[in-house]
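Below is one structure, written out as structure tokens; the observations come after it.
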Amino acid sequence: MRSIKIFALIVSMLIQGLLFAEEVEKVREIHGYVVSLDEPIAYATILINGTTIGAATDANGHFHLHNIPAGELTLTISAVGFKSTLHAIEDGEELNDKIKIELQESMITTDEVVVSASRNAVKRKDAPVLVNTIGTKMLESVQATTLADGLNFTPGLRVENDCQNCGFTQVRLNGLEGSYSQVLINSRPILSTMAGVYGLEQIPVNMIDKIEVVRGGGSALFGSNAIGGTINIITKDPLVNSYSIESNYALINGEAPEFNINASSSIVSEDYKSGMFLYGGIKRRDHWDANDDGFSEITEINANHIGLRAFYRPGNYSKINLDFGATKEYRRGGNMFERKADMAEIAEELNHDIISGGLTFDQYSKDAKNKFSVYASGQYIDRDSYYGAEMDPAGYGKTYDLSAVVGVQETYYFDRFLFAPSTLTAGAEYLYSSLEDNKLGFYNQDSSRFENNMNIADQFTNTLAGYIQNEWDFEAFKFLVGVRYDQISVEDRAHPEAEKEIYPNWSPRVNLVYKPSESLSIRGNFSTGFRAPQIYSEDLHIEASAARKVIHINDPDLEAEHSWSVTGGFDYDLDLKSSALEVILEGFYTKLDNPFTSEYLWDEDEKILTDVRVNAEDGAIVSGVNLEVNYAFNNKMDVQTGFTVQSSEFESAQQWGELEESVSTHLTRTPSNYGYLVYSYYPTKKFMANVNMNYTGSMYVPHLETLEAPEELVETQDFLDIGVKLAYTFKLSGQTNLELSGGVKNIFNSYQNDFDKGIYRDAGYVYGPGLPRTYFIGLKISNI
């Protein structure tokens with residue numbers, strides 16, 4: 001009852017945000033143009049601070065703002081490749097002439113706006129915690145077609161493939177496995193447990209504007225599971241009338257084809273009161289066998305997706321955003337692909353139907369001191385599956401998953417609160433998820449009878465949450481303190497004897513930013529995280545072979561896991577006459593209390609290995625250093641690089657395999673060093689050359705016993721994955737451009753060479769780069 005009262009109190013405090021009046025006298029219009037060195041800048045964005053009014057420049061750099069309210073105004077003007085600037089308009093200022101706005105070229109973007117640091121839009125240099133970003137330029141340079149392809153190009157972050165059969169991928173932040181990180185879409189936690197199994201490959205890049213990555217405990221902002229950090233996918237907004245059609249064709253190892261077609265279009269009304277961004281695409285990929293044993297290492301995928309993001313401005317101080325997306329994906333791995341799944345020696349086959357959507361309403365006050373938001377988002381997944389070996393008719397399953405979040409948030413900007421100007425943010429959320437996993441019935445020839453459907457999991461999770469934080473601005477430094485309360489209720493209806501569990505948790509955070517100069521920011525942070533016992537993404541993946549099935553369950557006595565993290569570092573940028581440098585150094589230390597680990601149970605009759613999630617007797621410590629260096633030699637050549645050195649250890653040895661003696665203190669699948677480098681060269685505006693590298697250091701990977709090899713914790717080799725891309729743009733007519741591109745991924749074929757073979761293989765023995773040498777060509781037509 002106490003938590004419900006707290007939740008109700010926060011909601012009642014926030015409802016006052018709906019009372020903002022919006023009677024605006026429409027008296028002015030603003031005409032202008034944006035240039036740099038007298039050259040027009042196309043598609044720059046112009047926003048009026050404290051309102052929802054905005055516009056974008058046309059191909060000649062001109063813009064027009066309609067129905068502007070009276071009073072003093074501040075315009076924020078930004079464009080890709082340029083420093084953003086402010087332009088003040090006085091109350092009563094005559095606006096008969098066009099406004100000329102000059103932007104300065106920026107070879108390294110350090111003042112972009114991010115939202116993942118504090119749930120509010122702030123410049124990255126001023127954010128209370130370090131936020132790394134991956135933009136569309138980077139995603140295009142490395143030939144990324146899905147989210148999974150682009151995430152390796154930021155410090156402290158890796159994407160790995162964990163199954164030869166189905167291509168189950170997960171992301172690791174600072175070495176912690178996927179369930180320790182929270183993936184958000186437009187700051188909403190709708191990527192559910194089910195979506196997390198294969199979701200990294202189900203999010204296309206043509207919907208992504210940028211990816212924001214925050215490392216370290218983030219539960220004080222976004223709730224459970226943000227121990228390793230958060231990955232926030234910011235989708236594209238409709239800004240200008242535009243279109244793009246792109247096609248890519250690749251050959252994996254010169255043998256297995258992959259084909260992608262993506263299209264998008266943005267439509268904006270003349271008065272910028274409404275707009276819509278539409279996107280869609282298809283993907284076709286054939287399976288590939290790395291060692292000629294007849295069993296796949298790369299999964300077959302057939303996928304289609306469509307979606308939209310739209311906005312409507314009811315008034316100058318309010319805005320409604322609508323999101324919708326639908327994905328249909330088929331994937332299969334194993335062998336005998338020409339047969340039904342239950343007629344193959346090994347098959348892991350999945351059919352996903354995914355629908356997601358969201359609605360957000362934002363309201364600003366006239367004095368620009370108040371912003372109120374209310375939002376609702378959700379995702380529904382219908383999955384048909386088969387995990388089986390030796391033509392097992394019992395391998396079929398049916399899974400339903402629903403996740404939803406509704407919430408309110410209030411932000412107030414104080415001229416002075418206690419001892420300095422500050423920004424107060426408070427909010428409340430309700431999160432709901434339901435997951436039903438069923439094993440389908442079949443005819444059992446051994447017993448000559450029909451086996452009924454069996455309910456494997458039927459989990460309901462309800463979370464009530466409230467959070468509050470305040471950030472004081474002392475000019476030279478900023479200080480933020482905040483706390484979030486979550487009450488998570490987990491009910492397992494598949495096991496009626498199990499009682500409903502309730503996990504209350506307080507997550508505090510403290511952040512400090514000191515800026516002795518415009519070029520230098522020094523940060524120190526303390527944050528916390530937690531994970532409540534529930535079904536996680538890996539629990540919905542079954543590794544199949546003739547030797548065994550591997551399934552995952554929670555121990556009945558599993559308790560919540562907690563963490564605390566300390567990070568500190570600096571970012572420094574230097575603008576020279578013809579070049580620019582940015583250096584970011586961050587040290588991190590995370591202590592896990594009650595960390596989840598595994599115990600293994602073997603059923604000889606059923607040939608099932610059960611991975612039981614339990615609490616370790618002692619804790620675990622993850623610590624290290626992330627370094628990022630970005631250098632622009634001039635406006636035609638730049639390099640972006642990052643490297644991580646870390647240690648990831650349990651405080652006492654934990655079991656990693658079937659045998660009692662298979663124990664280690666290592667957090668498996670976590671290299672102690674890894675990094676990336678991206679070099680881009682633009683000799684002309686039409687031509688681009690790119691070289692990208694990904695380095696993965698040696699790590700410890702479990703290899704379970706097979707007929708040909710004993711159980712062993714393998715120390716792997718290291719890998720250097722180097723790719724090259726060339727692109728040239730032809731101007732067809734007017735604003736229509738044609739881009740032709742081509743290149744090679746993993747040129748030197750730095751790829752795992754000791755996969756298990758045959759029907760008895762350990763399909764989970766996978767590590768290193770996700771693709772062997774792969775050739776690709778591309779074609780893109782657009783008006784931008």
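The values are calculated or read from the model by the stated rules, or taken from the named source; none is laboratory data. A quick note: this is a predicted structure, and the numbers were derived from the prediction, not measured. Cβ: placed from backbone, ideal geometry, glycine included. Neighbour counts: every protein chain shown. With ligands, DNA and RNA removed, areas are computed over all heavy atoms of the protein, side chains included. Shrake-Rupley method; radii C 1.70, N 1.55, O 1.52, S 1.80 Å.
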Quantify, in whole percent, the carbon and sulfur part of the accessible surface of the chain (1.4 Å probe; protein heavy atoms only).
-> 55 percent
Calculate the dipole size of the stretch 115-163 relative to its Cα centre from +1 charges on Lys and Arg beta carbons and -1 charges on Asp and Glu beta carbons; express the result in debye to the nearest 20.
-> 380 debye
State, to one decimal in nm, how far the label point of residue 489 lies from the label point of residue 570, with both points 7 Å from Cα in the Cβ direction.
-> 5.1 nm
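Is the shape of the stretch 689-784 rounded, prolate or oblate, going by the alpha carbon gyration tensor and its root eigenvalues a ≥ b ≥ c, with a/c under 1.5 for rounded and a/b larger than b/c for prolate? Each step should come with its number before you reach the end.
Details: a/c = 4.44, a/b = 2.97, b/c = 1.49.
Prolate.
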For residue 336, what accessible area in Å² do you get when you roll a 1.4 Å probe over the heavy atoms of the protein chains, rounding to the nearest 10?
-> 50 Å²
Cα lying deepest toward the dipole's positive end in the stretch 102-217, options 155, 132, 118, charges on Cβ | 118
Inter-part distance where the stretch 651-708 and the stretch 145-185 are each reduced to a Cα centre, Å = 11 Å
Dipole-positive endmost among 324, 184, 107 within the chain (Cβ charges, Cα centre) = 107
Quick one: length gained pulling residue 340 to residue 709 fully straight, 0.36 nm per residue minus the C-alpha distance?
-> 129.8 nm
Indicate the gyration tensor shape class of the stretch 308-354 (rounded, prolate or oblate), computed on the Cα atoms with a ≥ b ≥ c the square roots of the eigenvalues: a/c under 1.5 is rounded; otherwise a/b larger than b/c is prolate and the rest oblate.
-> prolate
Heavy atoms of residue 506 accessible to a 1.4 Å probe, total area in Å² rounded to 10 = 140 Å²
Output for the stretch 676-734: GluC sites (Glu not before Pro) sitting in coil per DSSP, at most 11 other Cβ within 10 Å, listed by number, reads 708
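Return the FRET efficiency for the residue pair residue 83, residue 474: r is the Cβ-Cβ distance, R0 is 35 Å, and the value is rounded to the nearest 0.05. Display every interim value, and only then the final one.
On the way: r = 24 Å, r/R0 = 0.70.
In this case the efficiency is close to 0.90.
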Identify, among 562, 668, 625, the residue whose Cα sits farthest towards the positive end of the charge dipole of the stretch 553-697, taking +1 on the Cβ of Lys and Arg and -1 on the Cβ of Asp and Glu, with the dipole about the Cα centre.
-> 625
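With every protein chain kept in place and ligands, DNA and RNA left out, what is the accessible area per residue of the stretch 495-535? Probe 1.4 Å, answer in Å². Write down the numbers at each step before the final one.
Working: 2100 Å² over 41 residues.
Here the per-residue accessible area is 51 Å².
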What trypsin sites (Lys or Arg not before Pro) does the stretch 216-293 have in DSSP loop regions with at most 14 other beta carbons within 10 Å?
-> none
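So, counting K/R as plus one and D/E as minus one, what does the shell of residues with Cβ under 9 Å around residue 423 add up to? Let's see the in-between values first.
Values: positive: none; negative: 471, 473.
Here the count lands on -2.
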Distance from the stretch 722-777 to the stretch 402-421 (C-alpha centre basis), Å = 44 Å
Please report how far the C-alpha centroid of the stretch 215-236 lies from that of the stretch 283-357, rounded to the nearest whole angstrom.
-> 24 Å
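List the trypsin sites (Lys or Arg not before Pro) within the stretch 543-635 that DSSP assigns to loop and that have no more than 16 neighbouring Cβ atoms inside 10 Å. Provide the component values of the computation, followed by the final result.
Numbers: sites: 548, 549, 577, 591, 607, 613; in loops: 548, 577, 607.
Passing sites in the stretch 543-635 are 577, 607.
Placing +1 at every Lys and Arg Cβ and -1 at every Asp and Glu Cβ, with all other atoms neutral, what dipole size does the chain have around its Cα centre, in debye to the nearest 20?
Working: 63 positive and 110 negative charges, 633 e Å.
Once rounded to the nearest 20, the dipole reads 3040 debye.
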Is it possible to state the helix-based mean residue ellipticity at 222 nm for the chain, with each DSSP H run of 4+ residues giving -39500 (n - 2.57), the sum divided by total residues, to the nearest 500 deg cm²/dmol? What is it?
-> -1000 deg cm²/dmol
Shape category assigned to the stretch 229-272 from the gyration tensor of Cα positions, a/c cut at 1.5 = oblate
